[in-house]
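The block underneath contains the structure these notes are about, expressed in structure tokens.
The values are calculated or read from the model by the stated rules, or taken from the named source; none is laboratory data. Note that the coordinates shown come from a computational prediction; the quantities given were computed from them, not determined experimentally. When we count neighbours, we look across all protein chains shown, and the Cβ atoms used for this are built from the backbone with ideal geometry, even at glycine.
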Amino acid sequence: MRRAHGIATIPVLGITAAVGLAVGVSGYAFIYAQGASYLTNDPAACANCHVMQGHYDAWRQSTHHFAAVCNDCHTPASPIAKYLVKAENGFHHSMAFTLGGYPDNIRARPASLKVVNDQCKRCHAQVAQNMSGPAADGDALDCIRCHASVGHLR
């Protein structure tokens with residue numbers, strides 16, 4: 001290790017090469033995976049991955065096709081929370097699709113199901129507000145339990 005004025009310097013060439021490699025691989029992956037499309041509200045972006053094509057086709061045939069896009073149900077309404085959820089989901093999707101760690105019949109993670117339920121209650125506030133009984137208390141109202149096929153006809 002070289003010293004400059006008595007202070008140890010970091011091998012700049014090695015760090016520069018590592019950063020350059022990381023940026024290059026990340027940039028290539030972002031372009032290859034059509035990453036910019038996921039920053040939009042275009043539902044066709046969800047069908048970039050072949051495992052989502054069935055969900056996209058089912059959404060196009062559903063009544064929600066006329067009222068909501070994927071982000072309306074699968075991300076929070078707040079812009080900051082929306083992109084945090086998109087980043088988290090993107091990370092999990094990228095890892096699963098890159099490493100092949102996803103089942104043929106994909107399932108939403110518990111955190112994703114919570115977002116969807118919250119969005120159901122937000123859009124259908126009057127209906128949800130009129131619900132009564134133990135299932136309607138706070139977060140216990142599980143819209144998906146009874147309406148699993150809404151939005152995707154599955």
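Side notes on the structure shown:
- Of the helices (runs of 4 or more DSSP H) that lie entirely inside segment 1-99, those containing 2 or more residues that are over 30 Å from residue 121 (Cβ atoms) and at pLDDT 80 or above span 12-32.
- Of all residues in segment 21-43, exactly one satisfies the criterion of being of a type in the set (Val, Ile, Thr) and either within 17 Å of residue 84 (Cα to Cα) or surrounded by 11 or more Cβ atoms within 10 Å (Cβ to Cβ) (or both), namely 40.
- Counted residues, segment 106-115 - those being within 11 Å of the chain's Cα centre (by Cα) and within 13 Å of residue 152 (Cβ to Cβ): 1
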